[in-house]
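Here is the structure we will look at, set down as structure tokens.
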Amino acid sequence: MSKKMPPKQKILHLLKKNHSMAIGEIMEYFTISEVAVRKHIHELEKQGLLTKKAYSQSIGRPYYQYTLTKAGHETFPNQLKTLPLDLLKDLEELQGLDIVNDLFKKRMQRETDYYESCITSETLPDRINQVVRVQNDNGYLVEVEKTEKGDYEIRNYNCPILNIASEYHQVCENEITMLEKLFSDGTVSVHSLITKGSHVCKWTIKTS
């Protein structure tokens, strides 16, 4: 392990390699004071990157074992962003674009069914708000606002699957189709898409 590695990064690396460590074990890899190391550990804990669990001893105070959280593990490089797109490209090369589009249609149907199961209201405004809540729970950053004309403007500032949607625009088209089905008593219009260079995806749902 490099001696030039910053203390916090070094702690993360130690826990990644050893899974669980007490402060005494961690200190074996540092020349700075224990007070300084504990400060770094506390800051990592506040950031949600590691957690601690107390263990009792027959003599003396309990001691803590430190482990990485899920967020801590995610600080290390992985292929989660690139692997799905790579697999889709491989599938397209082996079986053709139609198979990939069929796969996206299958995803759209599954998502539509899920959103419909989450909708409990009959009124359009309530249904819109329920869908927005589900989208935000799934990693989107969506806001909805009622316009002066009485329509509803939906704005999404984060696309969790942007790398895929940028390569396969069928994903955005399917999103629009899904919204049209979920809000069939309104008219869905698209104004901007992140995949087309905008900083936000924006739709308007006009009330009938």
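The values are calculated or read from the model by the stated rules, or taken from the named source; none is laboratory data. Fair warning: this is a prediction, and the values are worked out from it, not measured in the lab. A quick note on method: Cβ atoms are made from the backbone with ideal geometry, for glycine too, and the neighbour counts reach across all protein chains shown. These area figures cover heavy atoms from the full protein model, side chains too; ligands, DNA and RNA do not enter into them. Shrake-Rupley method; radii C 1.70, N 1.55, O 1.52, S 1.80 Å.
Couple of notes before you dig in:
- Label sites at residue 95 and residue 45, each approximated as a point 7 angstrom past Cα along Cα to Cβ, lie 4.9 nm apart.
- Normalising by residue count, the range 57-112 has a Cα convex hull of 158 Å³ per residue.
- Relative contact order (%) - criterion: Cα under 8 Å, at least six apart; region: the range 19-111: 23
- Averaging 1/r over each pair of different alpha-carbon atoms in the range 1-57 and inverting the result gives 11.8 Å, the Kirkwood hydrodynamic radius.
- Cα-based helix-to-principal-axis angle, 124-137 vs the chain, degrees rounded to 10: 30
- Debye-sum result for the chain in log10 I(q)/I(0), which assumes one identical scatterer on each alpha carbon, at q = 0.08 Å⁻¹: -0.49
- Mean separation of Cα contacts under 8 Å (6+ apart) over length of the range 14-67, as relative contact order %: 42
- Share of carbon and sulfur in the accessible heavy-atom surface of the chain [1.4 Å probe, %]: 51
- The GluC sites (Glu not before Pro) of the range 51-109 that DSSP puts in a loop, and whose beta carbon has at most 13 other beta carbons within 10 Å, are 74.
- Heavy-atom accessible area per residue - the range 72-206, 1.4 Å, Å²: 60
- Cross-link pairs beyond the 23 Å C-alpha cut-off, checked among 89/181; 8/81; 17/39; 146/181; 105/146; 10/81: 89/181; 8/81; 105/146; 10/81
- Between helix 7-18 and the chain: long-axis angle, C-alpha atoms, 0 to 90°, nearest 10: 90
- Only the Cβ atoms of Lys and Arg (+1) and of Asp and Glu (-1) were treated as charged; on that basis the dipole of the range 99-208 about its Cα centre amounts to roughly 180 debye.
- Coil-residue trypsin sites (Lys or Arg not before Pro) of the range 99-169, DSSP, other Cβ within 10 Å capped at 16: 149
- Based on Cα contacts under 8 Å between residues 6+ apart, the chain shows a relative contact order of 13 percent.
- Here the dipole of the chain is about 1380 debye; that uses its Cα centre as origin and unit charges on the Cβ of Lys and Arg (positive) and Asp and Glu (negative).
- The GluC sites (Glu not before Pro) found in the range 133-208 that occupy coil by DSSP, while having at most 11 further C-beta atoms within 10 Å, are 148.
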